[in-house]
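Chemist: For reference, the structure I am asking about is given below.
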Amino acid sequence: MVTRGGGSQSYGFPIYCAAWLPLAHIIKPDPPAAEADADDPSSSTPSLPMAVLGGGGGEGRSGVPNKLVVAALATGEEAAPALSPDTVVEVNSEEEVPYRMAVHPRGDGVFCAFPNGCRLYRWESQEGEGPQRLALEPDQDALAELKDVGLQLAVSFSGEGSILAIGGEDGYLRVFNWPTMGSVLTEIDTKTSIKDLTISSDEKFLAVNRSSGPCRVWDLQSSEVVASLPRETWNNRRKHHRSWLKRHADTCNS
């Protein structure tokens, strides 16, 4: 059941991951429209922003489906912006629930992390500007090396889409060139899990945050750690605060 209220939206299943779509790289305009756009760039009508959402009830017979859905952002003068209750695309992922996702910025598809491994969904777009021309299909031949790697807690493409980085619950960090999947970097630390990662805008550096230890910054060209950012604890903050108070008191008394 789809419900909406106060600018919110739900689609009948728990949502674990979401991302906006680069529609300019996904939806193909009709040939006449494309020719008109070439003559007059201002003649094109932008599509409504869309998001892809993933989640579900997990394994078993919970009755809650596991799926990916695409919905457009509905805007109105009297109502707060919210995703439309009418989905553009729905893809059932059977017994596997999508936990994490990364949308390729140049339209190569949606990278999904499931409990047992990863899968790539490709956009299928016929000519036309309407969202009804959009489809999402699993690529059974892609990511063969990642189908059984376990749950990935962090996944990200670089801004230009030439690098894919994933970090697992098992502590494995893997970085690849995209789309060749040539290995750029691999690090194994089975005593921790990877909680988050991000690639710099120039695609030269990768910051990785694990469940314990410092946040490390990797140089993706040399595959070496170039910086370690210590984890700030509550005790460290208290010590810093007491030190600041003491310095401030000494200054006032002098």
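Chemist: Between Glu224 and Ala80, how high is the FRET efficiency from 1/(1 + (r/R0)^6) when r is the Cβ-Cβ distance and R₀ = 45 Å? Nearest 0.05.
Modeler: That gives a FRET efficiency of 0.40.
Chemist: Count neighbours as other Cβ atoms within 10 Å of each site's Cβ, and list the trypsin sites (Lys or Arg not before Pro) in the range 106-204 that are DSSP loop with at most 10 such neighbours.
Modeler: Lys191
Chemist: Could you list, bin by bin from short to long, the percent of Cα-Cα pairs of the range 105-202 in 10 Å steps?
Modeler: Binned Cα distances yield the sequence 15, 45, 28, 10, 2, 0.
Chemist: While we're on this one: Can you tell me the FRET efficiency between Ser212 and Glu145 if r is taken as the Cβ-Cβ distance and R0 is 30 Å, rounded to the nearest 0.05?
Modeler: 0.60
Chemist: Take Ser201 and Ser62, extend 7 Å from each Cα along the Cα→Cβ direction, and tell me the distance between the two endpoints in nm.
Modeler: 3.8 nm
Chemist: What ³J(HN,Hα) values, in whole Hz, does the Karplus curve 6.51 cos²θ - 1.76 cosθ + 1.60 give for the range 80-92 when θ = phi - 60°, with x put for Gly and Pro?
Modeler: Once rounded to whole Hz, the list reads 5, x, 7, 5, 5, x, 8, 6, 7, 9, 9, 10, 7.
Chemist: Oh, and also: Once amide H atoms are placed 1.01 Å from N in the peptide plane, what residues at a sequence separation of 5 or more from Glu124, or on another chain, have their amide H within under 5 Å of its amide H?
Modeler: Those lying under 5 Å, H to H, from Glu124 are Ala135, Leu136, Glu137.
Chemist: How do the peptides 178-188, 13-23, 161-171 rank, highest first, by the average count of neighbouring beta carbon atoms within 10 Å per residue?
Modeler: In descending order of packing, they fall as 161-171, 13-23, 178-188.
FYI, it's all coordinate maths here, none of it is from the lab. Values in this document were obtained by computation on a predicted structure and should not be read as measured data. Ideal geometry is used to build each Cβ from the backbone, glycine not excepted, and the neighbour counts take in all protein chains shown.
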